[in-house]
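K.L.:
I'd like to ask you about the structure that follows.
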Amino acid sequence: MNGPRISLYLLEGNLQRHRYHLEGRAEILVGHEADCDVRIERGRNGGEVAAHHCLIEMDGSAVWLRDLGS
């Protein structure tokens, strides 16, 4: 697909050096639950990650990071 593309690079933790790409219309769910696209272990480096922590959405050239409030 031609058009805007963003990449998410994880620098630390259980998914260190993993890359996720969004292109066109896409979304990535981040959290510690099994249904998340990016699963981050709980309690790493003293921080807490919620079951469904945030959603990264892309639609064309617009990108949103939505806190899921958990």
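K.L.:
Sort 23-29, 9-15 by packing, meaning the average of other beta carbons within 10 Å per residue, with the highest value first.
P.N.:
Descending packing order for the listed peptides: 23-29, 9-15.
K.L.:
Using a 1.4 Å probe on the protein heavy atoms, what percent of the accessible area of the chain belongs to carbon and sulfur?
P.N.:
With neighbouring chains kept in place, the figure for the chain is 46 percent.
K.L.:
Among PRO4, MET58, SER70, pick out the residue whose Cα is farthest towards the positive end of the charge dipole of the chain, where Lys and Arg carry +1 and Asp and Glu carry -1 on C-beta, about the Cα centre.
P.N.:
Highest projection toward the positive end goes to PRO4.
K.L.:
With a 1.4 Å probe and every protein chain left in place, work out the accessible area per residue of the chain in Å², rounded to a whole number.
P.N.:
Result: 71 Å² per residue.
K.L.:
Something else about it: Say each of GLU12 and ARG66 gets a label point 7 Å from the Cα, pointing the same way as Cα to Cβ; how far apart are those two points in nm?
P.N.:
Placing both labels 7 Å beyond Cα along the Cβ direction yields 2.8 nm.
The values are calculated or read from the model by the stated rules, or taken from the named source; none is laboratory data. None of these values were measured; they are calculated from a predicted model. Cβ: placed from backbone, ideal geometry, glycine included. Neighbour counts: every protein chain shown. Heavy atoms of the whole protein, side chains included, go into the accessibility calculation; ligands, DNA and RNA do not. Shrake-Rupley method; radii C 1.70, N 1.55, O 1.52, S 1.80 Å.
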